[in-house]
1. Which of (1) under 21 Å from the mean Cα position of the chain (by Cα); (2) at pLDDT below 75 does residue 52 not meet, given it meets every other one?
2. Pick from 38, 72: which is at pLDDT 95 or above and surrounded by 10 or more Cβ atoms within 10 Å (Cβ to Cβ)?
Amino acid sequence: MHEEEKLRCSLTYSKSCSVLQNLAERKKKSLSERAQAEEDMEEIRRSYQQELDKLRQLLKKARTSTDQAAAEQVSSRGSFANKCVEGL
């Protein structure tokens, strides 16, 4: 009976070691996958921020261009009105 107990303990210890090793490997894999996911998310954030900055610059240029065109139109209308008044 004593030998059976030793054998049972040995098998239990072996299974426990295997389970712990499996768990450690799964944890290592999980940490690696998490790190990769975080890197991917950071790359997506950077890309999104660059695209947002680019669109903001385009909007700013469009607004400036529109403002300049409006100012020129107002100026030319003023000149036309002045010429009309001078003609009277």
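The values are calculated or read from the model by the stated rules, or taken from the named source; none is laboratory data. As the structure is a computational prediction, the values presented were derived from the model and not from experiment. Positions of Cβ are generated from backbone atoms using ideal geometry, with glycine treated the same way; all protein chains shown enter the neighbour counts.
1. Here residue 52 meets the rest and fails (2).
2. Of the residues listed, the single one that is at pLDDT 95 or above and surrounded by 10 or more Cβ atoms within 10 Å (Cβ to Cβ) is 38.
Residue-by-condition table, conditions (1) of a type outside the set (Lys, Arg); (2) under 20 Å from the mean Cα position of the chain (by Cα); (3) on the phi > 0 side of the Ramachandran plot:
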| residue | (1), (2), (3) |
| --- | --- |
| 5 | yes, no, no |
| 16 | yes, no, no |
| 23 | yes, no, no |
| 26 | no, no, no |
| 35 | yes, yes, no |
| 61 | no, no, no |
| 67 | yes, no, no |
